[in-house]
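Chemist: Quick one: the structure is below, questions incoming.
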């Protein structure tokens with residue numbers, strides 16, 4: 001399979017009572033960008049150039065790679081959302097902590113195993129990856145603290 005389901009896409013379905021699918025994905029994307037950094041470097045490089053050109057990244061992107069590049073892109077995405085008056089955290093969008101629990105529980109559903117395995121950073125619920133990787137990423141998306149996202 002080329003590509004696969006991403007964390008924002010998977011998590012958005014648990015938020016349908018407070019956010020549309022697209023809005024949920026837009027809020028979650030910057031945070032999963034940091035989590036997936038080691039496996040999406042080519043995409044990050046392209047996206048960093050676009051965000052820099054448009055003024056959403058002020059820092060020098062030359063020579064940046066890995067998590068450092070992902071953090072710049074994530075912050076650029078957040079700045080873009082702010083420029084539109086769009087919420088940049090789950091909390092700001094009205095998502096509750098109960099929703100985060102629901103997202104984590106849904107991700108552990110055995111029927112979604114292939115979706116977890118097809119993410120840029122493959123996860124296996126049985127090995128604790130949802131709690132180890134997804135839970136802190138969702139906490140970051142709730143609070144806006146990118147530093148909570150684990151290094152893969």
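The values are calculated or read from the model by the stated rules, or taken from the named source; none is laboratory data. In this text the structure is predicted, and so the values were computed from the model without any measurement. Here the Cβ positions follow ideal geometry from the backbone for every residue, glycine too, while neighbour counts run over all protein chains shown.
Chemist: Out of (1) surrounded by 12 or more Cβ atoms within 10 Å (Cβ to Cβ); (2) modelled with pLDDT of 95 or more; (3) farther than 20 Å from residue 48 by Cβ, what's the single condition that is false for residue 78?
Modeler: (3)
Chemist: Also: I'd like to know if the stretch 70-87 contains one or more residues that are without any contact (Cβ under 8 Å) to a residue 60 or more places away in the chain, over 15 Å from the mean Cα position of the chain (by Cα) and part of a loop (DSSP other than H, G, I, E, B).
Modeler: So far as the stretch 70-87 goes, yes, one or more of its residues are without any contact (Cβ under 8 Å) to a residue 60 or more places away in the chain, over 15 Å from the mean Cα position of the chain (by Cα) and part of a loop (DSSP other than H, G, I, E, B).
Chemist: Could you tell me whether residue 67 is more than 14 Å from residue 37 (Cβ to Cβ) and at pLDDT 95 or above?
Modeler: On the way: more than 14 Å from residue 37 (Cβ to Cβ): no; at pLDDT 95 or above: yes.
It is false that residue 67 is more than 14 Å from residue 37 (Cβ to Cβ) and at pLDDT 95 or above.
Chemist: If I go through the stretch 56-67 residue by residue, how many of them are surrounded by 14 or more Cβ atoms within 10 Å (Cβ to Cβ) and part of a helix (DSSP H, G or I)?
Modeler: 1
Chemist: Turning to a different aspect of this structure: Name the residues in the stretch 134-152 that are buried (at least 22 other Cβ atoms within 10 Å of the Cβ) and outside any helix (DSSP H, G or I), would you?
Modeler: Narrowing the stretch 134-152 to residues buried (at least 22 other Cβ atoms within 10 Å of the Cβ): 134, 137-138, 140-141, 149.
Within the stretch 134-152, just 149 meets the criteria.
Chemist: Among all residue pairs at least 6 apart or on different chains, which show Cβ distances below 6 Å where the first residue, located in the stretch 11-33, is closer than 18 Å to residue 133 by Cβ and the second is crowded, with 24+ Cβ neighbours inside 10 Å and modelled with pLDDT under 95?
Modeler: 28/11; 32/7
Chemist: Working carefully through the options 114, 119, 123, find the one that is under 18 Å from residue 24 (Cβ atoms) and at pLDDT below 95. Spell out how you get there, then give the answer.
Modeler: Details: 114 fails: under 18 Å from residue 24 (Cβ atoms); 123 fails: under 18 Å from residue 24 (Cβ atoms).
Answer to the selection: 119.
Chemist: Out of 90, 84, report the one residue that is under 18 Å from residue 20 (Cβ atoms) and surrounded by fewer than 13 Cβ atoms within 10 Å (Cβ to Cβ). Before the answer, list the steps.
Modeler: Numbers: 90 fails: surrounded by fewer than 13 Cβ atoms within 10 Å (Cβ to Cβ).
Of 90, 84, the one residue that is under 18 Å from residue 20 (Cβ atoms) and surrounded by fewer than 13 Cβ atoms within 10 Å (Cβ to Cβ) is 84.
Chemist: Give me a count of the residues in the stretch 91-133 that are part of a loop (DSSP other than H, G, I, E, B), within 25 Å of residue 70 (Cβ to Cβ) and touching a helix residue (DSSP H, G or I) at 6+ places or on another chain (Cβ under 9 Å).
Modeler: To start, the set of residues in the stretch 91-133 that are part of a loop (DSSP other than H, G, I, E, B) comprises 91-96, 108-109, 118-124, 128.
In the following step, the residues that additionally are within 25 Å of residue 70 (Cβ to Cβ) were identified as 91-93, 95, 118-124, 128.
So of that shortlist, the ones also touching a helix residue (DSSP H, G or I) at 6+ places or on another chain (Cβ under 9 Å) come out as 91-93, 95, 119-124.
Looking only at that region, the number is 10.
Chemist: Considering only residues that are closer than 17 Å to residue 78 by Cα and modelled with pLDDT of 95 or more, which ones fall in the stretch 1-22?
Modeler: Answer for the stretch 1-22, where residues must be closer than 17 Å to residue 78 by Cα and modelled with pLDDT of 95 or more: there is none.
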